[in-house]
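Notes to accompany the following structure.
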Amino acid sequence: MKSFSKVFIILVLMNSIVFSQNQLLEDIPFIPLPNQINSLEGYLYARNIEFIETNSNSQRLSSAIKIFQSVWENKINSSLFEASYNSKRDKVIKLVIDLDLEIQADAYHLEIVKEEILIRAHTSEGLYRGLTTLTQLILFSSSKSDLILPYGSISDSSKYNYRGSMLDVARHFFDVNDVKRYIDIMSLYKLNFLHLHLSDDQGWRIEIKKWPNLTSIGGQKEVGGTPGGFFTQKQYSELIEYAADRYITIVPEIDIPGHTNAALVSYPELNCDGISPPVFTGIDVGFSTLCANKEVTYLFLKDVIEEISLLTPGPYFHVGGDESYVTSKEDFIQIIDSVFTYVEKNKKIAITWGNNSKTGKILQYWNDESDYDIISKSESVIYSPASHAYLDMKYDSLSVFGLSWAGYSSVKNAYNWDPQTVSEELINLEILGIEAPIWTETVSTFEELSYLVFPRLLGHAEVGWTSMDKRIWKEYKPRLDQHVKYLNTLGINTTK
């Protein structure tokens, strides 16, 4: 009897030691930080979970579940079987659409209790955001052998509907695999829009079947004169689908009427004098323009917008409109009005950069050199203040890559900003959200790109998701340090 008592006491002590070494739910270094975390006493052994099921019929969610199964099985070294929905089954991860929940589309409730993980939401998007939080919980659990998940619940939703990043594939081209890799990381941090800058003076990066020279001629080079490249329409559609499976919407941009040298090189008739300019491989801006007085210009724009729109299921089409320094105001308005018409006919909503002679319904703010009388006529704004959100700005004077025209932007600077206080002049506009652009004048490989993007992009993800009162730098920094270590294990180059 005494021997049994000793064994029992030893087992109790061993269990208490195991539990004491594991985190509470609020100790997990989530990025972005959820709105509300409630810890409970107790732990769930992940190996006890055998199934994952949902009452949703979403194909996107089905794809997401398969991705999650792979993460779970790699981390836990135990099978997770997808099963048909059964509300009474235990040892299960349940993803439940609950139409009685009066919450926004990306909101979710996550609960970890005995032999069950339950995620409830009003939409499949909400379930996906909850599944993403669960993914981070698995990745950043401190348990070393059998994965132990702390009991508790998370109630969460985003601060802004639009949480994006822009990838410039025009200055330097990044291929399908690079873009997919970028999408993978975006999805882990609940970013939901990828803006692709598909055309500029240096290169045209998407196939237009009615205008094949745009890629065969205009896509040949990039900054520095090295070989460029482009996406075929099939490849572009592949990226659309890949992003959609991760609940990310692609926003295409064709920048007009400036930033068009690659198009002007490809087709002489788009130039007012009918003569193609030389290929441009530098980084200057503001010297090119489409010709407002030629019918072919409008045929070109109509065809381009139509072909890309047919490939793009998302609601937005970015038309640029910035730095058209050699376009007269009258010509600019004539061209941009036509573009707005073409975009609207294709059932898209136009987005324009902020410093131009006319804007559409959605303005993307990026600097203070803006005509506020014009842009205040927009309905909503996406904030990308260059001094905080431009990922191509150098961290400091020692940065290997990047530019500094908007100043240096440290990791802390990229985190410590509030979209609601960026511009007093635009205070009456609805804030659609935020976007962190990476312009690629100075980077030509994914490793170089990563140096500038990571870890600052993670801070922007939290700016877009988490309420301002919960965003505290000294508490964010230790969380970020753990994510940097994780990104490094994926081969992602970071500055830290």
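The values are calculated or read from the model by the stated rules, or taken from the named source; none is laboratory data. Quick caveat: nothing in here was measured; it's all calculated off a predicted structure. In this analysis, Cβ positions are derived from the backbone assuming ideal geometry, glycine residues included, and neighbour counts consider all displayed protein chains.
Check the stretch 219-227 and report whether any residue there is surrounded by fewer than 21 Cβ atoms within 10 Å (Cβ to Cβ) and either more than 21 Å from residue 443 (Cα to Cα) or outside the structural domain of residue 303 (by TED's automatic domain parsing) (or both).
So far as the stretch 219-227 goes, no, none of its residues is surrounded by fewer than 21 Cβ atoms within 10 Å (Cβ to Cβ) and either more than 21 Å from residue 443 (Cα to Cα) or outside the structural domain of residue 303 (by TED's automatic domain parsing) (or both).
Return the residues of the stretch 268-282 that are of a type in the set (A, V, I, L, M, F, W, C) and either touching a Cys at 6+ places or on another chain (Cβ under 8 Å) or crowded, with 19+ Cβ neighbours inside 10 Å (or both); say none if nothing qualifies.
Residues satisfying the conditions are 270, 272, 280.
Is it the case that some residue within the stretch 348-370 is surrounded by fewer than 19 Cβ atoms within 10 Å (Cβ to Cβ), in a helix (DSSP H, G or I), in the same structural domain as residue 420 (by TED's automatic domain parsing) and not polar (S, T, N, Q)?
no
Which of the residues belonging to the stretch 68-83 are crowded, with 16+ Cβ neighbours inside 10 Å and touching a residue at least 24 places away in the same chain (Cβ under 8 Å)?
Passing the criteria: 68, 71, 72, 76, 80.
Tally the residues that are out of contact with any strand residue (DSSP E or B) (no Cβ under 9 Å at 6 or more places or on another chain) and outside any loop (DSSP other than H, G, I, E, B), restricting the search to the stretch 459-496.
21
Which members of the stretch 247-285 meet the condition of being more than 23 Å from the chain's Cα centre (by Cα) and of a type in the set (Asp, Glu)?
269, 273, 284
Out of 57, 86, I need the residue that is free of Cβ contacts under 8 Å to residues at least 12 places away in the same chain and either within 21 Å of residue 149 (Cα to Cα) or assigned by TED's automatic domain parsing to the domain that holds residue 151 (or both). Which one?
The unique qualifying residue is 57.
Testing residue 495 on (1) in the same structural domain as residue 404 (by TED's automatic domain parsing); (2) in contact (Cβ under 8 Å) with a residue 12 or more places away in the chain, one condition comes back false. Which one is that?
It fails just one condition, (1).
Looking at 283, 305 in this structure, which one is in a helix (DSSP H, G or I), at pLDDT 95 or above and in contact with a strand residue (DSSP E or B) (Cβ under 9 Å, 6 or more places away or on another chain)?
That would be 305, the only listed residue that is in a helix (DSSP H, G or I), at pLDDT 95 or above and in contact with a strand residue (DSSP E or B) (Cβ under 9 Å, 6 or more places away or on another chain).
Quick check, is residue 284 within 22 Å of residue 173 (Cα to Cα) and not basic (Lys, Arg)?
Yes; evaluated as a whole, the condition is true for this residue.
Give 52, 117, 65, 103 a once-over and let me know the one that is in contact (Cβ under 8 Å) with a residue 40 or more places away in the chain, over 22 Å from residue 241 (Cα atoms) and not in a strand (DSSP E or B).
103
Would you point out the residue of the stretch 418-458, among those that are assigned to a loop (DSSP other than H, G, I, E, B) and aliphatic (A, V, I, L, M), that is surrounded by the fewest Cβ atoms within 10 Å (Cβ to Cβ)?
427
In this structure, is residue 240 closer than 21 Å to residue 443 by Cβ and touching a residue at least 60 places away in the same chain (Cβ under 8 Å)?
No, not satisfied.
Working only within the stretch 407-417, note down all residues that are surrounded by 18 or more Cβ atoms within 10 Å (Cβ to Cβ), assigned to a loop (DSSP other than H, G, I, E, B) and touching a Ser or Thr at 6+ places or on another chain (Cβ under 8 Å).
Answer for the stretch 407-417, where residues must be surrounded by 18 or more Cβ atoms within 10 Å (Cβ to Cβ), assigned to a loop (DSSP other than H, G, I, E, B) and touching a Ser or Thr at 6+ places or on another chain (Cβ under 8 Å): just 409.
Restricting to the stretch 68-91, and then to whatever is polar (S, T, N, Q) and not in a loop (DSSP other than H, G, I, E, B), can you tell me which residue is farthest from residue 125 (Cα to Cα)?
Looking at residues that are polar (S, T, N, Q) and not in a loop (DSSP other than H, G, I, E, B), I get 74.
Which one of 319, 285, 304 is among the hydrophobic types (A, V, I, L, M, F, W, C), surrounded by 15 or more Cβ atoms within 10 Å (Cβ to Cβ), farther than 20 Å from residue 211 by Cβ and in contact (Cβ under 8 Å) with a residue 12 or more places away in the chain?
After applying the criteria, what remains is 285.
Does residue 225 fit the bill of being more than 20 Å from the chain's Cα centre (by Cα), on the phi > 0 side of the Ramachandran plot and at pLDDT 95 or above?
Here the answer is yes, as residue 225 does meet what is asked.
(1) more than 22 Å from residue 320 (Cα to Cα); (2) touching a residue at least 40 places away in the same chain (Cβ under 8 Å): which one isn't true of residue 263, the others all being true?
(1)
Yes/no matrix, rows are residues, columns are (1) of a type in the set (D, E, K, R); (2) closer than 30 Å to residue 35 by Cα:
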site: 159; (1), (2): yes, yes
site: 173; (1), (2): no, no
site: 185; (1), (2): no, yes
site: 211; (1), (2): no, no
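From 144, 159, which residue is at pLDDT 95 or above and under 30 Å from residue 117 (Cα atoms)?
Only one candidate passes the filter, namely 159.
Yes or no, residue by residue, for (1) buried (at least 19 other Cβ atoms within 10 Å of the Cβ); (2) touching a residue at least 40 places away in the same chain (Cβ under 8 Å); (3) aliphatic (A, V, I, L, M):
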{"residue": "123", "(1), (2), (3)": "yes, no, no"}
{"residue": "126", "(1), (2), (3)": "yes, no, no"}
{"residue": "129", "(1), (2), (3)": "yes, yes, no"}
{"residue": "153", "(1), (2), (3)": "no, yes, no"}
{"residue": "183", "(1), (2), (3)": "yes, yes, yes"}
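For residue 190, are the conditions met, namely being free of Cβ contacts under 8 Å to residues at least 12 places away in the same chain and within 30 Å of residue 131 (Cβ to Cβ)?
no
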